[in-house]
Amino acid sequence: LCPQGQLLAKSWSSLFEGQSGAALRGPIYSFNGRNVLTDPLWPRRLAWHGSTPRGGHARRWDCKGWRSSGVAEGMATALGEGRLLAGHRHNCSTP
């Protein structure tokens, strides 16, 4: 449950079940209390995770060792898609 009492997932393992994990429900807040789904500070609204659709480590796509001058790609999910791990490769330089 999030602080407002909204259910985010039925269990920890349900986040990784199925092809894309749990459907995201309700707002998602940054550490400074901003709703990343609506705040203009978050124009791309990506959740960077470096995981496979089943929750494993996507070793080639995790931005590990990335430098600002590099062209590495990492797995991230557009939060508007509604699935936590329905990731696609994005350039690690994407803000």
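Laboratory data are not the source of any read-out in this text; all were calculated from the coordinates shown. Computed from a predicted structure; not experimentally measured. Note that we place each Cβ from the backbone using ideal geometry, even for glycine, and neighbour counts take in every protein chain shown.
Quick notes on this one:
- Here the Karplus curve 6.51 cos²θ - 1.76 cosθ + 1.60, taken at θ = phi - 60°, turns the phi angles of the range 57-72 into couplings of 6, 8, 3, 7, 10, 10, 6, 5, x, 5, 10, 4, 8, x, 10, 5 Hz, with x standing for Gly and Pro.
- Packing rank of 48-55, 33-40, 68-75, where each peptide gets the mean count of other beta carbons within 10 Å, highest leading: 48-55, 68-75, 33-40
- Computed FRET value (nearest 0.05) for TRP48 with GLN6, which takes r as the C-beta separation and R₀ as 22 Å: 0.45
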